[in-house]
Structure formats: structure tokens, C-alpha cells
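As C-alpha cells, the structure follows; a few thoughts come after it.
No lab work stands behind these numbers, since they all come straight from the coordinates. Remember, predicted model here, so these are calculated numbers, not experimental data. With ideal geometry, Cβ positions are generated from the backbone for all residues, glycine too; neighbour counts draw on all protein chains shown.
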Amino acid sequence: MHNHIRTFILIAVIGALFIGVGHLIGGPQGALMAFLLAAALNSYAYWNSDKIVLRMYKAQEITSQTYPEFYRIVQTLAQKAHLPMPRVYIIDSHQPNAFATGRNPQNAAVAATTGLLQLLDSRQIAGVMAHELAHIANRDTLTMTLTATLAGAIGYLAQLPFLFGGSHREGEQRSHGFIVHLLVMVLAPLAAMLVQMAISRTREYSADELGAKISGDPMALAKALEQIDTAAHRVDNPMAEENPATAHMFIINPLSASGVDNLFSTHPKTENRVRRLAQLAQDKNDPTIIKRRGPWG
């Protein structure tokens, strides 16, 4: 229920932002057209945001025949998590990374890069995919995917003044152009701020913890996070650089290689995540803790 409220607030805030920008650009007529645009975009994004994001990354759906070992890992974990089998995708990228998407567990998908499958062993891949399945189980994916789609669209709104009409007089054109340029400068960090507001960093900690429960191997996920983080600082992800509003969806920030786009850094520090997972592993193996509160609390 909490995630549904957060998603509703997100949609309402972005819709209000669209209307406000439309009014600045085109007055009452601009506000009306922006309202219609926001309504259409929100509706389309709700039903299709997962497809939009997968298309951004040119993800290819796989089967048990094309990638048998990887598919089997996801299938086994989904069964352990009591989740419907998600669609499974591969992204052709040297940077190791992964994300989950979809509006609900019945319409979910997980995606991993070719770099991740090449870098990690099967235990670590299982740890990563268990984390992504945890996002699905926690119903994070709707808000995460809507945020990626809508926040990315905000930056384009100020570049479409022709939708809202405008004057042909030279003085008003200069004024109009100044407003547009100002909006472009303001809206990019504002879109990033919306991402940060909507996607709490605590979601990653929660997905790490639940993912560790699903896989039963906290340290495999911890080792995977360390390796992915190290590689992400060395290997660029050009598709993520072109779509920075999607960065929060990945298990590790895909923008870190370039050292820019810090506004979009919605991930906790990897060392903090690893430390928590190590504590989970220690608790899991401590018989006094197991006796006191059960194997996972």
C-alpha cells in the first residue's frame, strides 16, 4: 500500500510540473495542453514503461534454449521466492549490471548485461538476480520504472515550446527563448531530484536483505556487488549515459565510470551494502541468533 501511495504522489507531482511548465510557456492554453500531455504520458507510462526501458537498452528476451544456465538460475530463484516466472532479458553491454522492471509481479522482467554474465560465477549471478526478484516481490518496480520514464520525459518538455503556440514578434520570441533555455537548465536537476525523492536508497538495502533470503547466500551477493562496482568504475555504459534518469534501476549505479551525473546517484555506498550483507551472513550462521529469532528474523 505504501508503494502505491508513493507512486500516486509521483504521478501527481510530475503531472503538476508538466502543467506548471506549460503555463509558463503558453499561458492557460499551454497549461491545458500540458495537462492533456501529462495525462496521456502517465497513462502510457503505466502500461508501457517497462517496454520503454527495455527498448532503451535494446534488451533481447531469452529462453531456456538460448541461455539455459542463466534462465534456470532465474527460474529456480522465482520458485523459491514464490513469484511468477518473470521474462528474462539480456543487454549487450560490457559493463556488468542488472535491473528489474514491470508494473507488478505478474508482468515483471529481469535483465542482465552480457558483461555481468561474463564476470560473475553462477553463485554470484544467483545473488544478483535474487536481489532483482526482491525488487519485484517488494513491488518497487512500478515506481522505479515510472520514475525512469517520466523523469526522463521532463527534460524534453521545455524543448517542445511549439506544442504550446507562441508569438511571432521578435521581442516576444527572444523572451520566449530565454524562458525555454532557463527551463532546460532548471528541469534537468529537478528531474534528478524527483528520482531521488521517489526512489529511496533504503529500497536497495531492503532488496539486498530479501535477495539474500531468497538465495540463501548473502556473501555471494556481497562479492558480486564489489566486483560490479569495481568494473562499473572502469567500463562505460553508453546507453545509461544517454538515459541517466534510468540509473536508479540498476543494482549498481551505471554512471559511475564517467564520474558525472552525481545528481542521479540514488544508490547507497557499496561498502555499506557489503557490510550489511556480511552481518546478515554472520547472523545466519550464529546458532544463538537463529534460536532467538529464526534464521532471518
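A few notes on this one:
- Counted over region 101-142 with a bin width of 5 Å, the fraction of Cα pairs per bin, in whole percents, is 6, 25, 28, 17, 15, 9.
- Among beta bridges identified by DSSP and lying wholly in region 6-150, the antiparallel ones come to about 60 percent.
- Of all lysines in the structure, the ones whose alpha carbon falls short of 19 Å from that of Lys284, not counting any fewer than 8 places away in one chain, are Lys80, Lys213, Lys223.
- Global dimensions of region 1-126 from alpha-carbon coordinates: Rg and Dmax equal 19.0, 58 Å.
- Net charge over other residues, Cβ less than 11 angstrom from the Cβ of Ala224 (K, R count +1; D, E count -1): -2
- Note that region 203-208 has calculated 3J(HN,Hα) couplings of 4, 5, 4, 5, 5, 4 Hz, one per residue in order, obtained from phi through the Karplus relation 6.51 cos²θ - 1.76 cosθ + 1.60 (θ = phi - 60°); glycine and proline are x.
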